[in-house]
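Undergrad: Structure below; questions to follow.
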Amino acid sequence: QPVFSTAFFFQQAHLVEIKGWTLAQFVTFYPAYTVLSVTRLVAAGLACDRYGSHRIAPFMLLPLAGALMVAAYGQSLWAAALSLMLLGVMSGTANAVVGTLWPDLYGTRYLGAVRAVMTSVMVFATAAGPGVTGALIDAGVAYEAQLLTMAGYSLAMCLVFHIALTRARATA
(Lines give C-alpha, C1' and ligand atoms only; values in the text may rest on other atoms or scores of the structure.)
Protein backbone atom coordinates (compact mmCIF):
# COMPACT_ATOMS: atom_id res chain seq x y z
CA GLN A 1 0.00 0.00 0.00
CA PRO A 2 2.66 2.61 0.80
CA VAL A 3 4.44 1.99 -2.51
CA PHE A 4 1.38 2.48 -4.66
CA SER A 5 -0.37 5.30 -2.84
CA THR A 6 2.82 7.36 -2.53
CA ALA A 7 3.65 6.75 -6.18
CA PHE A 8 0.13 7.79 -7.15
CA PHE A 9 0.41 11.12 -5.34
CA PHE A 10 4.00 11.69 -6.44
CA GLN A 11 3.11 11.13 -10.11
CA GLN A 12 -0.06 13.25 -10.02
CA ALA A 13 1.42 15.88 -12.36
CA HIS A 14 2.10 13.18 -14.94
CA LEU A 15 -1.37 11.69 -14.44
CA VAL A 16 -3.17 14.97 -15.00
CA GLU A 17 -1.02 15.68 -18.03
CA ILE A 18 -1.87 12.39 -19.76
CA LYS A 19 -5.54 12.69 -18.81
CA GLY A 20 -5.88 16.28 -20.01
CA TRP A 21 -6.85 17.69 -16.63
CA THR A 22 -5.24 20.55 -14.80
CA LEU A 23 -3.53 20.11 -11.48
CA ALA A 24 -5.87 22.71 -10.01
CA GLN A 25 -8.88 20.64 -11.07
CA PHE A 26 -7.36 17.46 -9.66
CA VAL A 27 -6.52 18.88 -6.24
CA THR A 28 -10.05 20.21 -5.74
CA PHE A 29 -10.95 16.63 -4.79
CA TYR A 30 -8.37 16.42 -1.97
CA PRO A 31 -10.95 17.41 0.67
CA ALA A 32 -13.03 14.35 -0.34
CA TYR A 33 -9.90 12.20 0.08
CA THR A 34 -9.32 13.67 3.54
CA VAL A 35 -12.91 13.34 4.74
CA LEU A 36 -13.15 9.73 3.57
CA SER A 37 -9.76 8.89 5.05
CA VAL A 38 -10.77 10.18 8.48
CA THR A 39 -14.26 8.65 8.46
CA ARG A 40 -12.91 5.29 7.30
CA LEU A 41 -10.21 5.42 9.96
CA VAL A 42 -12.90 5.64 12.64
CA ALA A 43 -15.18 3.08 10.96
CA ALA A 44 -12.36 0.61 10.35
CA GLY A 45 -11.15 1.03 13.93
CA LEU A 46 -14.61 0.13 15.18
CA ALA A 47 -14.73 -2.83 12.78
CA CYS A 48 -11.32 -4.04 13.99
CA ASP A 49 -12.53 -3.85 17.58
CA ARG A 50 -15.69 -5.75 16.76
CA TYR A 51 -14.46 -8.34 14.24
CA GLY A 52 -10.67 -8.35 14.59
CA SER A 53 -8.12 -6.75 12.30
CA HIS A 54 -7.25 -10.13 10.81
CA ARG A 55 -10.76 -10.27 9.32
CA ILE A 56 -10.61 -6.73 7.91
CA ALA A 57 -7.03 -6.80 6.56
CA PRO A 58 -7.70 -8.99 3.49
CA PHE A 59 -10.16 -6.38 2.19
CA MET A 60 -8.23 -3.18 2.91
CA LEU A 61 -6.53 -3.13 -0.49
CA LEU A 62 -9.75 -3.47 -2.51
CA PRO A 63 -10.36 0.31 -2.57
CA LEU A 64 -6.73 0.82 -3.63
CA ALA A 65 -7.18 -1.57 -6.53
CA GLY A 66 -10.38 0.23 -7.49
CA ALA A 67 -8.72 3.64 -7.28
CA LEU A 68 -5.85 2.55 -9.50
CA MET A 69 -8.17 0.97 -12.08
CA VAL A 70 -10.40 4.05 -12.19
CA ALA A 71 -7.33 6.27 -12.61
CA ALA A 72 -6.03 4.06 -15.40
CA TYR A 73 -9.26 3.78 -17.38
CA GLY A 74 -11.09 6.98 -16.45
CA GLN A 75 -10.87 10.07 -18.60
CA SER A 76 -13.23 12.50 -16.89
CA LEU A 77 -12.65 14.57 -13.79
CA TRP A 78 -15.19 12.34 -12.05
CA ALA A 79 -12.68 9.53 -12.46
CA ALA A 80 -10.14 11.69 -10.64
CA ALA A 81 -12.65 12.34 -7.88
CA LEU A 82 -13.54 8.67 -7.54
CA SER A 83 -9.87 7.65 -7.53
CA LEU A 84 -9.09 10.05 -4.71
CA MET A 85 -12.18 9.02 -2.75
CA LEU A 86 -11.25 5.34 -3.03
CA LEU A 87 -7.69 6.16 -1.98
CA GLY A 88 -9.11 7.94 1.06
CA VAL A 89 -11.17 4.88 1.98
CA MET A 90 -8.10 2.67 1.66
CA SER A 91 -5.87 5.07 3.59
CA GLY A 92 -8.18 5.29 6.57
CA THR A 93 -8.85 1.56 6.59
CA ALA A 94 -5.17 0.65 6.28
CA ASN A 95 -4.15 3.00 9.09
CA ALA A 96 -6.65 1.41 11.46
CA VAL A 97 -5.92 -2.16 10.41
CA VAL A 98 -2.13 -1.93 10.44
CA GLY A 99 -2.15 -0.30 13.86
CA THR A 100 -4.13 -3.19 15.33
CA LEU A 101 -2.94 -6.13 13.24
CA TRP A 102 0.50 -6.54 14.80
CA PRO A 103 -0.68 -6.91 18.40
CA ASP A 104 -3.51 -9.12 17.13
CA LEU A 105 -1.03 -11.45 15.45
CA TYR A 106 2.05 -11.23 17.67
CA GLY A 107 0.76 -10.02 21.02
CA THR A 108 2.29 -7.09 22.82
CA ARG A 109 5.52 -8.59 24.15
CA TYR A 110 7.55 -7.81 21.00
CA LEU A 111 5.28 -5.11 19.65
CA GLY A 112 8.02 -2.47 19.61
CA ALA A 113 10.36 -4.66 17.57
CA VAL A 114 7.63 -5.72 15.16
CA ARG A 115 6.47 -2.14 14.61
CA ALA A 116 10.07 -0.96 14.15
CA VAL A 117 10.70 -3.51 11.41
CA MET A 118 7.40 -2.84 9.69
CA THR A 119 7.88 0.93 9.86
CA SER A 120 11.33 0.56 8.30
CA VAL A 121 9.85 -1.53 5.49
CA MET A 122 7.09 1.05 4.99
CA VAL A 123 9.54 3.96 4.83
CA PHE A 124 11.69 2.13 2.28
CA ALA A 125 8.63 1.20 0.21
CA THR A 126 7.33 4.76 0.32
CA ALA A 127 10.68 6.02 -0.95
CA ALA A 128 10.98 3.36 -3.65
CA GLY A 129 7.54 3.77 -5.22
CA PRO A 130 7.96 7.16 -6.88
CA GLY A 131 11.46 6.30 -8.07
CA VAL A 132 10.37 3.07 -9.70
CA THR A 133 7.30 4.56 -11.37
CA GLY A 134 9.33 7.56 -12.55
CA ALA A 135 12.02 5.32 -14.01
CA LEU A 136 9.37 3.27 -15.78
CA ILE A 137 7.74 6.42 -17.17
CA ASP A 138 11.16 7.58 -18.40
CA ALA A 139 11.68 4.14 -19.98
CA GLY A 140 8.44 4.55 -21.92
CA VAL A 141 6.16 2.31 -19.84
CA ALA A 142 2.69 3.83 -19.97
CA TYR A 143 1.54 5.09 -16.60
CA GLU A 144 -1.91 3.59 -17.14
CA ALA A 145 -0.27 0.17 -17.57
CA GLN A 146 1.64 0.72 -14.34
CA LEU A 147 -1.57 1.63 -12.52
CA LEU A 148 -3.28 -1.52 -13.79
CA THR A 149 -0.30 -3.64 -12.72
CA MET A 150 -0.43 -2.07 -9.26
CA ALA A 151 -4.18 -2.76 -9.11
CA GLY A 152 -3.65 -6.39 -10.08
CA TYR A 153 -0.95 -6.78 -7.46
CA SER A 154 -3.23 -5.22 -4.83
CA LEU A 155 -5.98 -7.70 -5.69
CA ALA A 156 -3.53 -10.60 -5.51
CA MET A 157 -2.35 -9.39 -2.10
CA CYS A 158 -5.95 -9.44 -0.84
CA LEU A 159 -5.96 -13.18 -1.52
CA VAL A 160 -2.50 -13.64 0.01
CA PHE A 161 -3.56 -11.74 3.15
CA HIS A 162 -6.68 -13.87 3.43
CA ILE A 163 -4.76 -17.14 3.18
CA ALA A 164 -1.92 -16.03 5.46
CA LEU A 165 -4.14 -14.53 8.13
CA THR A 166 -6.50 -17.49 8.10
CA ARG A 167 -3.54 -19.83 8.62
CA ALA A 168 -2.04 -17.59 11.30
CA ARG A 169 -5.29 -17.53 13.26
CA ALA A 170 -5.70 -21.33 12.90
CA THR A 171 -2.27 -21.94 14.43
CA ALA A 172 -2.68 -19.37 17.22
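Undergrad: Would you kindly state how much longer the chain becomes between Thr34 and Arg169 on full extension, computed as 0.36 nm times their sequence separation minus their alpha carbon distance, in nm to one decimal?
TA: 45.3 nm
Undergrad: Need the C-alpha centroid separation for the range 26-71 versus the range 146-169, integer Å.
TA: Cα centroid to Cα centroid, the span is 16 Å.
Undergrad: Can you pull the one-decimal nm distance between simple spin-label points at Gln25 and Val132, each 7 Å off the Cα toward Cβ?
TA: With each label point 7 Å from Cα toward Cβ, the separation is 3.1 nm.
Undergrad: Gaussian network model of the chain, Cα springs within a sub-10 Å range: biggest mean-square fluctuation belongs to which of Ala43, Ala94, Ala65?
TA: Ala43
Undergrad: Could I ask something else about it? Would you mind calculating the relative contact order of the chain from Cα pairs under 8 angstrom and at least 6 residues apart, reporting the percent as a whole number?
TA: Relative contact order here is 35 percent.
Undergrad: Okay, moving on. Separation between the Phe10 and Ser76 pseudo-spin-labels, each 7 Å from Cα along Cα→Cβ, expressed in nm?
TA: 3.2 nm
Undergrad: Continuing with this model, one more query. Want the number for Val117 to Ala139: 0.36 nm per residue separation, take away the alpha-carbon distance, what's left?
TA: Once the chain is fully extended between Val117 and Ala139, it gains 4.7 nm.
Undergrad: Next up: Please state the charge dipole magnitude for the chain, taken about the Cα centre, from unit charges on C-beta atoms (+1 on K and R, -1 on D and E), reported in debye and rounded to the nearest 20.
TA: Magnitude of the dipole: close to 580 debye.
Undergrad: I've got another one for you. Against the longest alpha carbon principal axis of the chain, how many degrees, from 0 to 90 and to the nearest 10, is the axis of helix 111-138 turned?
TA: Rounded to the nearest ten degrees, it is 20.
Undergrad: Please report the net charge: other residues with Cβ closer than 15 Å to the Cβ of Thr133, K and R +1, D and E -1.
TA: Computed value for this residue: -3.
Undergrad: How much accessible area per residue does the chain have, in Å², with a 1.4 Å probe?
TA: Using a 1.4 Å probe on heavy atoms only, each residue of the chain averages 53 Å².
Undergrad: Still on this structure, please answer the following. First compute the accessible area of the range 27-172 with a 1.4 Å probe, then give the percent of it belonging to carbon and sulfur atoms.
TA: Solvent-exposed carbon and sulfur of the range 27-172 make up 71 percent of the total.
The values are calculated or read from the model by the stated rules, or taken from the named source; none is laboratory data. Since the structure is predicted, the reported quantities are computational estimates derived from the model, not experimental observations. Note: ideal-geometry Cβ built from the backbone for every residue, glycine included; neighbour counts use all protein chains shown. Accessible surface is based on the protein model in full, side chains and every heavy atom, while ligands, DNA and RNA are left aside. Shrake-Rupley method; radii C 1.70, N 1.55, O 1.52, S 1.80 Å.
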